[in-house]
1. Relative contact order of segment 290-563: what whole-number percent is it, with Cα pairs under 8 angstrom and at least 6 residues apart?
2. Taking the square root of 5 times each eigenvalue of the Cα gyration tensor, what semi-axes in Å does the equivalent ellipsoid of segment 223-320 have, largest first?
3. Taking the Cα centre of segment 230-295 as the origin, how large is its charge dipole in debye, to the nearest 20, when only Lys and Arg (+1) and Asp and Glu (-1) carry charge on their Cβ atoms?
4. Counting each pair of different Cα atoms once, what's the Kirkwood radius of the chain in Å, rounded to one decimal?
5. Just the number: Rg to Rh for segment 486-622, Cα atoms, Kirkwood Rh, two decimals.
6. Bin width 5 Å, alpha-carbon pairs only: give the P(r) of segment 194-280 as whole percents, running from 0 to the bin holding the largest distance.
7. Greater than 20 Å separation of Cα atoms is the criterion. Which listed pairs, Lys116/Lys384; Lys284/Lys528; Lys579/Lys620; Lys400/Lys543, meet it?
8. Could you tell me which GluC sites (Glu not before Pro) in segment 236-301 are loop residues by DSSP with no more than 12 other beta carbons within 10 angstrom of their beta carbon?
Amino acid sequence: MNKLKVSVLLFSLLFVVIGCKQEAKESNMDVVSSEEIIEEHSKHLNDWFETQFKEEVANSPMTQTYLGIKTDYGKWDDISSKQDAKDLERAKRRLVYLKDSIDVSKLNAATALSYKLMKQDLENEIDDFKYRFYDYPVNQMHGMQAEIPAFMINMHRIENKSDAEAYISRLNGMNDMFAQAVENMKIREKNGILPPKFVFAKVLDDSRNIITGRPFDKSNQESTLFSDFKGKIEKIEITPEERQELIANAEKALLEGVKPAFDNLVKLLSDQQKRATTDDGVWKFPKGNAFYNNALQRTTTTNMTADQIHELGLKEVDRIHNEMRDIMKQVKYEGTLQDFFTYMKEDSKFYFANDDAGKAAYLEQAVGLIDTMKSRMDELFITKPKADIIVKAVESFREKSAGKAFYQRGTPDGSRPGTYYANLYDMTAMPKYQMEALAYHEGIPGHHMQISIAQELQNIPKFRKFGGYTAYVEGWGLYNELLPKEIGMYSDPYSDFGRLAMELWRACRLVVDTGIHSKKWSREQGIKYYTDNTPNAESDAIKMVERHIVMPSQATAYKIGMNKILELRENAKEKLGDKFDIREFHDVVLTNGAVPLTILEELVEQWIANTISNETKESKSS
């Protein structure tokens, strides 16, 4: 080969190398540019989410208080029907913005999920506006007559004189807010929405309790709110003169703001009580069946029909009964399952004394159960909450009508811990053998863990941190009644029976909720189904059926959510084999905040695919 040919060849090779380098450089620039575009668009949308969240918080003094913010500390939310219309228009504007201004293909995965959730929430809010009056603003479970005083007691902290003045301002403002509630209830009655007869006696009792005692009357006992206010200001540093002035102003506000608020509510309730009927299901509403089907979809985040949910409940009841019979054999009990239920209901060894000492012992043991579970967390979880949890008895003014147990989230900054409330009004409804399951469900690793982790997440917008989907939230709670058993908890077979009794209770809910609202069961039929099929006290059954009636569909969330989480876990185990790590599975479930069950399934499937892909890459590289 002559020198000219060699030179030409070398030049050609050099040109190819230079060209390849240039193409690579341009390709890298394209990648960087694409990444920058995704980052920029994602940041833009997340900033918008933050702005919308701040707008909602700014419009809700009560939300501010829940979040530990004191900007409008002395004010109440606007709960008028006019505000409902404003909220609808805001939802429509937001949806238009998402559809017309956001290119989903230019968002990262986390932000694309936020987009999907926000869009779905807005569409549901707009579609559900026609059902905005299909509820009971005052009821024995979540009525204003109990929740507003509870808000003052548990949420409104007093750390200085200004906070005390804000408390008084809220006492004064109750009359206007309750006037809005009364007007809303009148609108509902005009639209054929009136609570069933049993509700009235309970809410009237709650309402009158709040305006009983000093300064409302001349009894020796202080009223609930007056006692709360005085107790709180005793702990702040102010002069005796300032304290006396605050007390005098609080008395005046109680008489001029709180008393007329509750008097007007009592007057309306007493009047509506005369027209109430014993028809309990929402089938009695105009378009009640359509409303209930919609409520089931929103609650379960599935497309299951009322009939499908009813049948699932019957099957689950049968399965759990058989598992209970296995425990009967374990403890060598002779007799039928119903005999065993009676034994568990009636033997005093399964209950604390119904006195102050018994109630204190219950709370102490509940704290012990949660503390023990805390020490086992590393076996099951990677991400754990920073927030603490406390255990409290439900306050006396609302314990008669409140549920068996519930959880109140703490503040994101940890200044107010999460609270597991146990209702100790009737100790026969709080057997020792159900203590473990209740503590795990409401506390750790149940609601406290899930809700606190969501609040503490850094990579999701606040509407997801503080939002929720009932099937996910309650499904997680029920799943975590079972989870501790898998690491050796429930060593006492009676406690394991209690766990099954709690799961059985949730399976019965599928049957009874659909029975009342779709199949026109009466309140009495629902109560009988519970007492025939569970070991729970009759008082439990009554409260539960009455909860079904005023909160249609809500109670179906627990079992459907739990079943889905277990289904996804079993599917992951089957596909991943020895690569399955339960801690990683729980991280997938927990570190995206609350999501619909359909979205949760997508997230778990993606984790499975990524795990398999990473395993394949590792195998090839080795």
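1. On the way: 398 pairs, mean separation 72.2, N = 274.
Across segment 290-563, relative contact order equals 26 percent.
2. 49, 23, 12
3. So the magnitude is around 460 debye.
4. Computed over Cα pairs of the chain, the Kirkwood hydrodynamic radius comes out at 27.3 Å.
5. Values: Rg = 19.9 Å, Rh = 17.7 Å.
When Rh is taken as the Kirkwood radius, the ratio is 1.12.
6. That works out to 3, 13, 20, 17, 14, 11, 9, 6, 4, 2, 1, 0, in percent per bin.
7. Exceeds cut-off: Lys116/Lys384; Lys284/Lys528.
8. Qualifying residues, ordered by number: Glu237.
Quick note: the coordinates plus some simple rules give every number you see, no bench work behind them. Computed from a prediction, not measured in an experiment: that's the story for all the values here. We place every Cβ from the backbone using ideal geometry, glycine too, and count neighbours over all the protein chains shown.
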